[in-house]
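Take a look at the structure set out below.
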Amino acid sequence: MLDMRPGRENFLWYTDSPFYLAKPNFIVKSHNSLKKISSVDDVKGYVVGQFNHAANSEFIMNNQAHFRFDRLAAGTTLFEQQLRKLIIGRLDAIHTLDEYTLLYEAKRLKIESQVKILLLPDSPFPFYSAFCKNNKGEILVKKFNAAFHEAGFEPEDYKKLIHYEFEMLSRQQHK
């Protein structure tokens, strides 16, 4: 699941179509009074959690001076760490390009009632499948493209798959 940042096409084969149109967002505490983010004035001065080397939304790129950032390096508990920082008040928001990953992690941690998502005033961000730029990768991307088109998969179908994952997690937690 990759965005198409410049330079990556030098070592990756991208699929013809994105599999998902992500919505850049802030994850905030559920008691945050904001209902939506219309401009930087709504969130100016926020301490924003981010992940090292993660892509930024246009909103963040255009308004960096208005935020203080808390960046985490990669690790197995990356999402949990950011959520815990948010809950205890060390962060005002967590910035992500995809509206599901952190909500899924919050549900897994049984803290979903303590967080909510506020979409940023940005266009959706396309995520693509990508393969290593070698002979095998070239074969795989061609096969992926053919299967993707034959199945008639659309980026909106990804949401159905994600909601199914959320349902499965809920069932496991209620056993």
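Give, as a single signed number, the net charge of other residues whose beta carbon lies under 13 Å from the beta carbon of V47, with Lys and Arg counted +1 and Asp and Glu -1.
Spelling it out: positives minus negatives among the neighbours equals +4.
Starting with the highest mean, order 99-112, 31-44 by the number of other Cβ atoms within 10 Å, averaged over the residues of each peptide.
The most tightly packed comes first, giving 99-112, 31-44.
Starting at the first residue of region 120-133, write each ³J(HN,Hα) from the Karplus equation 6.51 cos²θ - 1.76 cosθ + 1.60 with θ = phi - 60°, in whole Hz, x for Gly and Pro.
8, x, 10, 6, x, 10, x, 10, 10, 7, 9, 10, 4, 7
For region 24-123, what log10 I(q)/I(0) values come out of the Debye formula at q = 0.12, 0.16, 0.17 1/Å, with one point per alpha carbon and no solvent?
-0.33, -0.60, -0.69
Using per-residue counts of other Cβ atoms within 10 Å, averaged over each peptide, order 16-29, 153-166, 122-135 from highest down. Walk me through the intermediate numbers first.
Working: 16-29: 19.8, 153-166: 12.9, 122-135: 16.1.
For the peptides 16-29, 153-166, 122-135, the packing ranking is 16-29, 122-135, 153-166.
Determine the share of the chain's accessible area contributed by carbon and sulfur atoms, expressed in whole percent, with a 1.4 angstrom probe.
On the way: 5490 of 10230 Å².
Exposed carbon and sulfur together represent 54 percent of the surface.
Please give the calculated 222 nm ellipticity per residue for the chain, where each DSSP H segment of at least 4 residues contributes -39500 (n - 2.57) and the sum is spread over every residue; nearest 500 deg cm²/dmol?
After summing the helix terms and dividing by the residues of the chain, the value is -11000 deg cm²/dmol.
How many Å² of accessible area per residue for region 24-123, probe 1.4 Å?
Working: 5100 Å² over 100 residues.
Result: 51 Å² per residue.
The values are calculated or read from the model by the stated rules, or taken from the named source; none is laboratory data. Predicted model only: the values in this text are computed from it and were never measured. Cβ atoms come from the backbone with ideal geometry, glycine included; neighbour counts cover every protein chain shown. What goes into the accessible areas is simple: the full protein's heavy atoms, side chains included, and nothing from ligands, DNA or RNA. Shrake-Rupley method; radii C 1.70, N 1.55, O 1.52, S 1.80 Å.
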